[in-house]
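These notes are about the structure you will find just below.
Read the figures in this text as sums done on the coordinates, not as results from a lab. Here the structure is a predicted model, which means the values were calculated and not measured. Neighbour counts are summed over all protein chains in view; Cβ atoms, including those assigned to glycine, are modelled from backbone coordinates with ideal geometry.
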Amino acid sequence: MMIYLVEDESAIAEPLIASLKHLGYELEWFQRANEALGRLLSNPVDLLIVDVNLLDGEEAGFALVEEVRAAELSMPILMLTARDAVEDRILGLDVGSDDYLAKPFDLNEFLARVRALLRRVSQVKQNQLKRGELELDFVSNEVRWQDSPVRLTPREYALLEIFARNPERVFSAEELVDRVWGEVENSNVVRTYVHYLRQKIHADVVEKVSGGYRLGV
């Protein structure tokens with residue numbers, strides 16, 4: 001899990017960094033909102049932690065969160081601030097943060113909130129796959145290639161989902177027939193449907209290898 005911390009006070013940032021790294025998280029630290037935004041636009045992360053007042057100016061954290069959401073980046077955001085008035089907490093949530101923690105705060109509470117937000121990320125990732133230009137949503141059964149939707153029949157989707165959920169595994173034609181079609185006369189149907197997937201998505205989406213087929217991207 002990758003976390004970006006945007007905090008201009010080293011006395012606050014350093015113990016947070018040490019604790020998060022001790023728990024095994026990867027982390028980058030920024031003191032300015034504009035530096036963090038530039039990195040986020042090219043490298044979205046699993047969690048963004050933002051102070052409200054930064055070297056860029058007062059309320060720069062609020063502006064950063066607004067820009068992140070305007071760019072349609074969906075990672076959870078935890079705001080940290082000494083401004084604990086109700087209207088400030090409301091503003092932090094309204095601009096797009098998911099949680100708001102007022103300073104001074106207990107380190108254990110901070111870490112608990114981080115874990116809670118990252119659990120949401122893990123649950124979403126279990127329901128989605130992104131591999132190269134291919135994206136699948138296992139809840140909505142939506143498929144996208146190069147950000148464009150792909151319409152598949154139920155059998156085509158079922159076949160693709162097997163490969164997507166087991167991207168390194170090779171499946172024999174017979175096993176695929178059993179999983180997708182049940183009893184049919186022969187396994188040529190797999191070759192036909194692999195052809196359909198290649199036509200609708202990309203020629204390399206499914207790979208023919210020794211022993212059967214696997215995800216090719």
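Tabulated results
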| read-out | value |
| --- | --- |
| Cβ-based exposure ranking for Thr192, Thr81, in which fewest neighbours within 10 Å come first | Thr192, Thr81 |
| Extension gain, Arg165 back to Asp178 (0.36 nm per residue minus Cα-Cα distance, nm) | 3.0 nm |
| ³J(HN,Hα), Karplus 6.51/-1.76/1.60, whole Hz, each residue of the stretch 108-120, x for Gly, Pro | 5, 5, 4, 5, 5, 5, 4, 4, 5, 5, 6, 4, 4 |
| Among beta bridges that DSSP assigns inside the chain, antiparallel share in %, nearest 5 | 50 percent |
| For the stretch 100-139, Kirkwood radius (reciprocal of mean inverse C-alpha pair distance, Å) | 12.2 Å |
| Set of the stretch 44-77 residues, backbone N closer than 16 Å to the point 7 Å along the Cα-Cβ line of Leu93 | 77 |
| Label point 7 Å beyond Cα of Glu9 along Cβ direction - residues of the stretch 77-117 with amide nitrogen under 11 Å | 81-83, 103-105 |
| Farthest positive-ward along the chain dipole, Cα basis, beta-carbon charges - from Ile17, Ala112, Gln128 | Gln128 |
| Extension gain (nm, one decimal) between His195 and Ala85, 0.36 nm per residue minus Cα-Cα | 33.6 nm |
| Near-label residues of the stretch 32-54 by backbone N, under 19 Å of a point 7 Å along Cα→Cβ of Ala70 | 32-44, 50-54 |
| Residues His22, His202 arranged by fewest to most Cβ contacts within 10 Å | His22, His202 |
| Sparsely packed trypsin sites (Lys or Arg not before Pro) within the stretch 1-85, loop by DSSP, other Cβ within 10 Å at most 16 | Arg32 |
| Extension gain (nm, one decimal) between Arg119 and Asn141, 0.36 nm per residue minus Cα-Cα | 5.7 nm |
| Förster radius 22 Å - calculated FRET efficiency between Asp106 and Lys21 (Cβ-Cβ, nearest 0.05) | 0.70 |
| Calculated [θ] (222 nm, deg cm²/dmol) that DSSP helices of n ≥ 4 give over the chain, each run adding -39,500 (n - 2.57) | -13500 deg cm²/dmol |
| Per-residue Cβ neighbour rank within 10 angstrom, fewest leading, Ser19, Ser10 | Ser10, Ser19 |
